[in-house]
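Colleague: Okay, handing you the structure first.
The values are calculated or read from the model by the stated rules, or taken from the named source; none is laboratory data. No experiment lies behind these values; they were computed from the predicted model shown. Every residue, glycine as well, gets a Cβ built from its backbone with ideal geometry; the counts of neighbours run over all protein chains shown.
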C-alpha cells in the first residue's frame, strides 16, 4: 500500500493531548537507523507512542512497513519495543520474558526454544534463562530486551531512550550491539535519544521535534550540518 | 475479566449454602408450624421438650421457626402477611397483642384462660398466656449491701451506684421499665427519669448486652426479671445475684401464644394451645425458660424459686393503652434522658 | 490504545453488569418497602426535631471517629513500613484484621474489659491513687470503640500504600541524607494523602452507620444514630416508608461528605520500579527504632489487650464442650459457606468494577456518559454501606414472600454480605490494580499478551497478594456479621454469630465468651492466610 522504500510514513497525523496538540508528517527510509531528538516535552514520546500504538491519531494515517496501522492495536503492528526501563515482567524469569515476545500464550515449539537460547547467546547472556530480572544489572536487563526483539524479528524496532540509564562505557557497548543486530537483520530502527554523541555514532537519519511538530527530517550528514534551527544547534552542541 | 475458576468455586459454595439451608418440610403426615423466638427453641430452652411431649399425643410433627425475639416475631408476621406458614405464634407479650390483633391474622383461641394463675388479671379470647415474669432490678450482693426497696429508692438513690437498662425502642424489658415507671409515677414520670438518668450507666439495645455488662461487673444493677437469680442458683449454684423487691409493685411481662386464621389444621393448632397450659408444657417453663408457669406443674417448683421476690402488687397496662400511648411515652422518655 | 476493542468492550460490559446488579438488588428492596408502606408521614419523618438532633449526633461522632482513627493510624503505618524486620511485625499486621471480623458486641465487651469501670485501666489508675474511674460510657466510649475497630483497617490500607512506593525511593532518600521530617514530607505524605480520602470515606460511612456500639457505649438515648432510627422504624413501628426515607437521608448526608472528600487527589503515579526488594535504611537509625518501637508497642497493647480480654473470658468457658456440640460444627460450616460465597461474589464484582473504571479512564474520549459511568461505579461500591442491611433484608423478604423464603434466605444473606464488604475489597484491589497495570500494560499491549494468558501469567502472580488480602477481609467481615441473618434466622440456618447471641440471650455468657473466642481465632487464621506468602511472588513459567 505504501511506498516500499519507506519503512514508516505518517500522513498528516494529528492528535490533541490536553492543551498540547501534535502534528506529524514524515516519510522515514527503510533499513535506516533513525534518531528522534528534541527538547523535553517537545513530543518525542508521543511520536513514538503513535508509532507503537499506545496513542491513537485523531486524524491522518500511520503506515509501517507498507501497512496501514492507524487503527491497529500495538501487538498487531510490525514493531518491537524497548523502553528505558520496565522492559521485563519482574516476577517472570528471563526465558518466559523472551518467550512472551514470540507467542503471547507461551505455546512454544522446539524451534522457538532454540531461538530463545541463541538470542541470549547473541547478546552475551548465555545460560541466563532461569534468572529473574531482579538479579540482573540494568545493562543486562536491556540486553534481554534486545534478545526479545531479536526473536520477534519485526521490520521496525522502536527504542525510547534505551541507554539513558546506563553508564557511558556501557552505552557505547550497547549501541554497538544495536548496530550489530541492525546489520544482521536489516530492520529499521527508530531511537529516541537525548545524547548527541550517540546520534552521531549510530544514526543514518535524524528527526528533530519541536512543539509537537517535526521541524527537521534529513539524512544524518545533512542533519548534523543544519545551521538554521536554534533548537537543533543547541542540541547538537550540548 | 472472567475468572472461570472462581466462578466454579462460587457455584460450588453457592450450591453448598443452599443445600445447608435444609429442606423446609419434615416427614410425617401432619405438621404444626410454630413461630417462636430463638431462646425458646435452643437446646436448653423449652422447645425440644415441648416438641417431644406434644408429638407423643398429637401424632404429628412440630416444626419450630425461630426469630430473634418477640418483637421480631411480630415484624416477621407483618412481613409475611396472609401468606405466612405459621399455624401458631408463641412468644408475643402483652404489649404487642393489640398490634398483633390489628394484623387480622389471628383467630380466637378457644382456650379457657379463666383458670390460669396469672397476676395482673389478664383476659383475652385470642391470646393464651403460657408464662410470665415480673421485671425486677437485679443487683450484685457483693457490691451492694443495701439494695433499693422501692422504685422511689431507685430513682433517688446514690448516683455512684449504677444500673444498666435497656432501650424501650428496641427491647421488651426496656419497654417494660418504661411502663413500670409510668405506672408508679404517672404524669411525674419525666421528672423521675431525669433523676434516674444520673444512675444509668448506659442504655443497651437489648437484654443480652445489658446482662452481659452486669455479669462483667460494669454496673452493680441491671433491669431483668425476678426469675434471673433462679438461673444462677440452679445452674451455677450461686446466690450472688438477687432481685430487689419494690414496695410499689412490679410490672409484669406475660408471654402469650395464638393461632392463625389461615392455619391449615386449626384443630391441631387449638390442641397445641390447650396443651400449652397443661403440665406437659408448663413443666418446661421454670428451668428452661426461666419464667413463671401459668398453671399447675407436675412437680413443685425448685427450691430456688421459693427464694425469689414475689411482688405484692402487679402492674399491667392493657395492650390497647400501651399501643395508643407508646410513641408519646417513648418521646417523653427520650426528652428526659437526653437532657444534660 | 492500550486495550483492544474486545478487551475494552468486555471490561465495560462487566462493569455495567455489576453496576446494574447492585442497583437492581438495592432498588428492588427499596421498592418493595415503599410499596408496602401505604400512606405514611414521610415529610414529617424528616422534619422532626428528634431526627435533626439524631443527624447532628451521627455526623459529629462519625467525623470525630474518622479523624482520630486516621490520625492514630498514620504513625503506626509509618512505623510498620519503616521497620520491615522487627520481630512480631507480621503478627501485629495480622492482629489488625481481627477487630474487623469480630462481632461488634464481643469487641465492645473486650473493650469494656480493659477500659470499663471494672477494667484493667481503672484498676491501674486506682492503684495509682486516682479516685474517679474513667468512664467510657458516652461520646468518648463511642470514639474509643470506633478507633479500635477502624484504626487497624486504616493502618493496613496505609501500609499497603507505603509499601507500593518503589523501593528505589527509600534508598535514594537515605542516600540523599533525608531526615525523617523530609521523608515524610516528600515521600510518605504524598502517598498517604492520595489514599486517605478513600479510607476516610469508608471509615466515615462505617461510623455513621454504627449501631450496637453507639447504643451499648453511648450512655443514653442522647447518643442515637440514624441507623437506630431506621432499625426502630422496621422493628418496632413497622413503618417501611419511614425506614426508606431515613435510609435515603443517611445516603444523601454521607454522599455530601464523600463528595467533599472526592475533591482531594486520587492515587497518583506511583512510579516505576525494577522489582528491587524493599529495604528501609531510614528505619535503622536508633531514633527511628526507638520511636517506632514505642508506637508499635502502644498499638499492639491498644489492640491486643481487649482481644486478650476476649481470650481470657473465652478460656474461662468450657471450650471442649462447645467444640463437641454438633450445633457448633453446623453453624461453623454454615458461616464458612456463606462467607466464602460472599467473598467470592464481592471479589468478582470488584474486579469487574475496577477493570471497567480503568477502561473508562483509558478511553480519553471524554464523553459525558463515560464520566458518569465511572463515578456511578465508584459511588455504588461505596454507598452500599449506607443502605442498612435490615432495609435490604426486609425489602427482599417482602418481595419474595410468596415464595419459600427459607430456600432463598442463604442467597440473600450471601448477596447482602457481599455488598457490605464491597467497599473494603475495592479499596484493597483498586490501588493495587492501577499500579500493576501502569507497570505492565504497555509491555503486555506491545507483546499482545491479552485475555486469559494475561490473567494467568501476568495479573494473577502480581495481584495474588492483594486479592488474597481482599478475600480474607471480605470473609472476616461476613463471618462476624449478624445482620441479615437475624431476620431470616430459623433452626436449620444457624451461623456462628447467631450462636453467640443466642447463648447470651439464655444467660449463658460463658458459652458466649467461648464461642466469641473461637470466632476470633477463626478470623485470625483467615488473616494469616491473607498475609501469607513472601513479599514478592516469583513465578517461573515454561511454556
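Residue-by-condition table, conditions (1) part of a helix (DSSP H, G or I); (2) more than 7 Å from every other protein chain (Cβ to nearest Cβ); (3) touching a strand residue (DSSP E or B) at 6+ places or on another chain (Cβ under 8 Å):
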| position | (1), (2), (3) |
| --- | --- |
| A:80 | no, yes, yes |
| A:85 | no, no, no |
| A:88 | no, yes, no |
| A:98 | yes, yes, no |
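Colleague: When you look at residue A:203, is it within 25 Å of residue A:124 (Cα to Cα) and without any contact (Cβ under 8 Å) to a residue 24 or more places away in the chain, yes or no?
Modeller: Taking the combined requirement at face value, the residue does not satisfy it.
Colleague: Out of A:140, A:210, which single residue is touching a residue at least 12 places away in the same chain (Cβ under 8 Å) and within 14 Å of chain C (Cβ to nearest Cβ)?
Modeller: A:140
Colleague: Now for a different question. What is the residue count in segment C:73-118 for residues that are more than 14 Å from every other protein chain (Cβ to nearest Cβ), part of a loop (DSSP other than H, G, I, E, B) and either without any contact (Cβ under 8 Å) to a residue 60 or more places away in the chain or closer than 19 Å to residue C:281 by Cβ (or both)?
Modeller: Matching residues across segment C:73-118 total 5.
Colleague: Separate question: So which residues in segment B:105-142 are farther than 21 Å from residue B:272 by Cβ and at pLDDT below 90?
Modeller: Matches in segment B:105-142: B:119, B:120, B:121.
Colleague: Kindly indicate which of B:65, B:89 is at pLDDT 80 or above, closer than 17 Å to residue B:281 by Cβ and in contact with a strand residue (DSSP E or B) (Cβ under 8 Å, 6 or more places away or on another chain).
Modeller: B:89
Colleague: Could you grab me the full set of residues in segment A:52-72 that are at the interface with another protein chain (Cβ under 7 Å from one of its Cβ atoms) and surrounded by 21 or more Cβ atoms within 10 Å (Cβ to Cβ)?
Modeller: Answer for segment A:52-72, where residues must be at the interface with another protein chain (Cβ under 7 Å from one of its Cβ atoms) and surrounded by 21 or more Cβ atoms within 10 Å (Cβ to Cβ): A:52, A:53.
Colleague: Does segment A:156-172 contain at least one residue that is within 12 Å of residue A:95 (Cα to Cα) and over 15 Å from the mean Cα position of the chain (by Cα)?
Modeller: The answer is no, given that none of the residues of segment A:156-172 is within 12 Å of residue A:95 (Cα to Cα) and over 15 Å from the mean Cα position of the chain (by Cα).
Colleague: I've got another one for you. From the list C:198, C:219, C:241, pick out the single residue that is part of a helix (DSSP H, G or I), within 14 Å of another protein chain (Cβ to nearest Cβ) and touching a residue at least 60 places away in the same chain (Cβ under 8 Å).
Modeller: That would be C:241, the only listed residue that is part of a helix (DSSP H, G or I), within 14 Å of another protein chain (Cβ to nearest Cβ) and touching a residue at least 60 places away in the same chain (Cβ under 8 Å).
Colleague: May I ask you to list the residues in segment B:242-289 that are surrounded by 22 or more Cβ atoms within 10 Å (Cβ to Cβ), farther than 15 Å from residue B:34 by Cα and more than 20 Å from the chain's Cα centre (by Cα)?
Modeller: Within segment B:242-289, just B:246 meets the criteria.
Colleague: Considering (1) closer than 30 Å to residue A:102 by Cβ; (2) more than 15 Å from the chain's Cα centre (by Cα); (3) surrounded by fewer than 15 Cβ atoms within 10 Å (Cβ to Cβ); (4) assigned by TED's automatic domain parsing to the domain that holds residue A:18, say which one residue A:130 fails and leave the rest.
Modeller: Every listed condition holds for residue A:130 apart from (4).
Colleague: Considering each residue of segment B:123-161, count those that are in a loop (DSSP other than H, G, I, E, B) and surrounded by fewer than 22 Cβ atoms within 10 Å (Cβ to Cβ), and give that number.
Modeller: So the answer is 18.
Colleague: Let me ask something else. Within the group C:191, C:165, which residue is touching a residue at least 12 places away in the same chain (Cβ under 8 Å), under 28 Å from residue C:95 (Cβ atoms), touching a helix residue (DSSP H, G or I) at 6+ places or on another chain (Cβ under 6 Å) and not in a helix (DSSP H, G or I)?
Modeller: Among C:191, C:165, only C:165 is touching a residue at least 12 places away in the same chain (Cβ under 8 Å), under 28 Å from residue C:95 (Cβ atoms), touching a helix residue (DSSP H, G or I) at 6+ places or on another chain (Cβ under 6 Å) and not in a helix (DSSP H, G or I).
Colleague: Considering every residue within segment C:225-236, establish whether at least one is assigned to a loop (DSSP other than H, G, I, E, B) and within 29 Å of residue C:74 (Cβ to Cβ).
Modeller: Looking for residues that are assigned to a loop (DSSP other than H, G, I, E, B) and within 29 Å of residue C:74 (Cβ to Cβ), one finds at least one in segment C:225-236, hence yes.
Colleague: Could you tell me whether residue B:90 is more than 20 Å from residue B:318 (Cα to Cα) and either crowded, with 22+ Cβ neighbours inside 10 Å or more than 17 Å from the chain's Cα centre (by Cα) (or both)?
Modeller: No; evaluated as a whole, the condition is false for this residue.
Colleague: Which one of these is touching a residue at least 12 places away in the same chain (Cβ under 8 Å), more than 14 Å from chain B (Cβ to nearest Cβ) and either part of a helix (DSSP H, G or I) or buried (at least 23 other Cβ atoms within 10 Å of the Cβ) (or both): C:320, C:351, C:377?
Modeller: So the residue among C:320, C:351, C:377 that is touching a residue at least 12 places away in the same chain (Cβ under 8 Å), more than 14 Å from chain B (Cβ to nearest Cβ) and either part of a helix (DSSP H, G or I) or buried (at least 23 other Cβ atoms within 10 Å of the Cβ) (or both) is C:377.
Colleague: Which of the helices (runs of 4 or more DSSP H) found entirely inside segment C:445-529 contain at least 1 residues meeting this: at pLDDT below 80 and either within 14 Å of chain A (Cβ to nearest Cβ) or surrounded by fewer than 24 Cβ atoms within 10 Å (Cβ to Cβ) (or both)?
Modeller: Output list reads C:485-488, C:496-504.
Colleague: Continuing with the same structure: Conditions: (1) in a loop (DSSP other than H, G, I, E, B); (2) out of contact with any strand residue (DSSP E or B) (no Cβ under 6 Å at 6 or more places or on another chain); (3) surrounded by 17 or more Cβ atoms within 10 Å (Cβ to Cβ). Residue C:134 meets all but one. Number of the miss?
Modeller: (3)
Colleague: Kindly evaluate residue A:131 against the criterion of being within 27 Å of residue C:451 (Cα to Cα) and either at pLDDT below 90 or at the interface with another protein chain (Cβ under 9 Å from one of its Cβ atoms) (or both).
Modeller: no
Colleague: Scan segment B:6-29 and tell me whether some residue there is more than 11 Å from chain C (Cβ to nearest Cβ) and either at pLDDT 55 or above or at positive phi (or both).
Modeller: Looking through segment B:6-29, at least one residue is more than 11 Å from chain C (Cβ to nearest Cβ) and either at pLDDT 55 or above or at positive phi (or both).
Colleague: Which of the numbered conditions does residue B:115 fail, given that it passes all the others? Conditions: (1) within 21 Å of the chain's Cα centre (by Cα); (2) more than 21 Å from residue B:334 (Cα to Cα); (3) surrounded by fewer than 24 Cβ atoms within 10 Å (Cβ to Cβ).
Modeller: (1)
Colleague: Restricting to segment C:406-444, and then to whatever is facing another protein chain (nearest Cβ under 8 Å) and touching a strand residue (DSSP E or B) at 6+ places or on another chain (Cβ under 9 Å), can you tell me which residue is surrounded by the fewest Cβ atoms within 10 Å (Cβ to Cβ)?
Modeller: Out of the qualifying residues, it is C:406.
Colleague: Of the residues A:156, A:191, which is in contact with a strand residue (DSSP E or B) (Cβ under 8 Å, 6 or more places away or on another chain) and within 20 Å of residue A:102 (Cα to Cα)?
Modeller: On inspection, the qualifying residue turns out to be A:156.
Colleague: Looking at segment A:55-73, can you tell me whether even one residue there is closer than 30 Å to residue A:132 by Cα and either in contact with a helix residue (DSSP H, G or I) (Cβ under 7 Å, 6 or more places away or on another chain) or outside the structural domain of residue A:128 (by TED's automatic domain parsing) (or both)?
Modeller: yes
Colleague: Also, I was wondering about something else. Taking only segment B:290-329 into account, find how many residues are on the phi < 0 side of the Ramachandran plot, buried (at least 20 other Cβ atoms within 10 Å of the Cβ) and within 11 Å of chain C (Cβ to nearest Cβ).
Modeller: 1
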